[in-house]
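The values are calculated or read from the model by the stated rules, or taken from the named source; none is laboratory data. Just so it is clear, the model here is predicted, and its values are computed rather than measured. FYI the Cβ positions are ideal-geometry reconstructions off the backbone, even for glycines, and counts take in every protein chain you see. Note: areas computed on protein heavy atoms with side chains; ligands, DNA, RNA excluded. Shrake-Rupley method; radii C 1.70, N 1.55, O 1.52, S 1.80 Å.
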Amino acid sequence: LDIAREIATGHRKAGDAASFTGSIPENYDRFLGPHIFVDYAADLAERTVAVKPENVLELAAGTGIVSRILRDRLPKNSALMVTDLNPPMLELAKSKFKSGEAVEFEPADAMDLPFDKASYDLVVSQFGVMFFPDKVDAYNQASRVLRPGGHLLFNVWGQMSSNPFAEIAHETAGSIFPDNPPGFYRVPFSYCDIEAVTRDLEAAGFGEITHETIKLDKPVKDWSLLALGLVMGNPLIDEIKSRGGYTADQVVKRFADAFRARFGQAPGTMPLEAIVFRARKSG
Ligand SMILES: C[S@@+](CC[C@H](N)C(=O)[O-])C[C@H]1O[C@@H](n2cnc3c(N)ncnc32)[C@H](O)[C@@H]1O
């Protein structure tokens, strides 16, 4: 079941799962970044640098968590183009860079990339492809802008049950609005079938496909801050507002209580699981 596609084609109404705007970027970056994104960003940046690309395109870069690490690790003479669908996410990403750094920013829909064919050595994206309404079309776009032999590198979340923060968020939100459960969390956790991802990559002509599952045990100092990010740092907040009856603070408290019930009082740890894919355009 491809929920991102259902939403994109109007068959499902879940707010807009791809709409990271308003106060979402700041809450995302401050409260979700350090808890669930930064470690995988360091991993993906490391893998990118290992390929020694001269021209890198980042898709769905969000608030630049990967971009910042990438710019610090890539050689100074390699170019970095940072893109995202939502300009407000990209604005926050931009604020992490000083003028004179070799980085460019451009809003771009991964489904319709505004770049010439064969212009990049490597396309990278962290936790973005799940939001693309048609994965094969998106991979075809990536392939078009890659030079022959270029690499596509991305990660996706593992199953919700392997990422209890998401399971708790999804179930708690559903228990608050039982008549109309918010659907946001299903989207980023809907694309973890390794065979399905491999098939999609092959359908777009990619080869040399490898994948690696990365499990972490993430320390959390304060469950309330994680809860704040999970409620207000992504489009779930729009679903909550549109349903009404509960303030964001009330929902945050319910999330934090659910974390304590599962993991005990902070500080604690929670498991995370993601899968990183690498594929190559034939050359
Ligand atoms: C979970 S965030 C990941 C952001 C960033 N890569 C990170 O690791 O923090 C998903 C991002 O996908 C972006 N996005 C959603 N649909 C997109 C599309 N069709 N093309 C490009 N970006 C998209 C959103 O704006 C959001 O910034």
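Could you check how many residues of the stretch 58-104 are touching a strand residue (DSSP E or B) at 6+ places or on another chain (Cβ under 8 Å) and outside any helix (DSSP H, G or I)?
Of the residues in the stretch 58-104, 20 are touching a strand residue (DSSP E or B) at 6+ places or on another chain (Cβ under 8 Å) and outside any helix (DSSP H, G or I).
Looking at P133, P164 in this structure, which one is over 19 Å from R280 (Cα atoms), within 13 Å of the ligand (Cβ to nearest atom) and surrounded by fewer than 24 Cβ atoms within 10 Å (Cβ to Cβ)?
Working: P164 fails: within 13 Å of the ligand (Cβ to nearest atom).
From the options P133, P164, the qualifying one is P133.
A quick yes/no check of all residues on (1) in contact (Cβ under 8 Å) with a residue 12 or more places away in the chain; (2) over 23 Å from T83 (Cα atoms); (3) among the polar types (S, T, N, Q):
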{"position": "P133", "(1), (2), (3)": "yes, no, no"}
{"position": "G149", "(1), (2), (3)": "yes, no, no"}
{"position": "L152", "(1), (2), (3)": "yes, no, no"}
{"position": "W157", "(1), (2), (3)": "yes, no, no"}
{"position": "H170", "(1), (2), (3)": "yes, yes, no"}
{"position": "N180", "(1), (2), (3)": "yes, yes, yes"}
{"position": "L201", "(1), (2), (3)": "yes, no, no"}
{"position": "K218", "(1), (2), (3)": "yes, yes, no"}
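If you check every pair at least six apart or on different chains, which have Cβ atoms under 7 Å apart with a residue in the stretch 100-120 that is within 24 Å of R73 (Cα to Cα) first and a residue that is within 11 Å of the ligand (Cβ to nearest atom) and charged (D, E, K, R) second?
P107/D84
Return the residue satisfying two criteria in turn: it lies in the stretch 7-31 and is buried (at least 16 other Cβ atoms within 10 Å of the Cβ) and modelled with pLDDT under 55, and of such residues it is farthest from the ligand (Cβ to nearest atom).
Checked the stretch 7-31; the qualifying residue farthest from the ligand (Cβ to nearest atom) is R12.
Could we say that T172 is surrounded by fewer than 18 Cβ atoms within 10 Å (Cβ to Cβ) and not aliphatic (A, V, I, L, M) here? Please lay out each step first, then the result.
On the way: surrounded by fewer than 18 Cβ atoms within 10 Å (Cβ to Cβ): no; not aliphatic (A, V, I, L, M): yes.
The answer is no for T172.
Of all helices (runs of 4 or more DSSP H) completely enclosed by the stretch 202-273, which ones contain at least 3 residues that are open to solvent by 50 Å² or more (accessible area, probe 1.4 Å) and more than 16 Å from the ligand (Cβ to nearest atom)? It would help to see each step written out before you state the result.
Values: elements: 223-232, 236-243, 248-263.
In the stretch 202-273, the matching helices (runs of 4 or more DSSP H) lie at 236-243, 248-263.
Give the residues of the stretch 108-163 that are among the β-branched types (V, I, T) and outside any helix (DSSP H, G or I), sorted by residue number.
As a first pass, look at the stretch 108-163 and keep what is among the β-branched types (V, I, T): 123-124, 129, 136, 145, 156.
V123, V124, V156 - these are the residues of the stretch 108-163 that are among the β-branched types (V, I, T) and outside any helix (DSSP H, G or I).
I need the full set of residues from the stretch 167-196 which are within 16 Å of the ligand (Cβ to nearest atom) and in a helix (DSSP H, G or I), in order please.
A169, H170, F184, Y185, R186
I need the full set of residues from the stretch 66-103 which are more than 16 Å from the ligand (Cβ to nearest atom) and open to solvent by 30 Å² or more (accessible area, probe 1.4 Å), in order please.
Just the residues of the stretch 66-103 that are more than 16 Å from the ligand (Cβ to nearest atom), to begin with: 74-79, 98-102.
Matches in the stretch 66-103: P75, K76, N77, A79, K98, S99, G100, E101, A102.
Across the stretch 34-73, what is the number of residues that are hydroxyl-bearing (S, T, Y) and under 21 Å from L146 (Cβ atoms)? Lay out the reasoning, then the answer.
Applying the first criterion (hydroxyl-bearing (S, T, Y)) to the stretch 34-73 yields 40, 48, 63, 67.
Imposing the further condition that a residue be under 21 Å from L146 (Cβ atoms) reduces the set to 48, 67.
Qualifying residue count for the region: 2.
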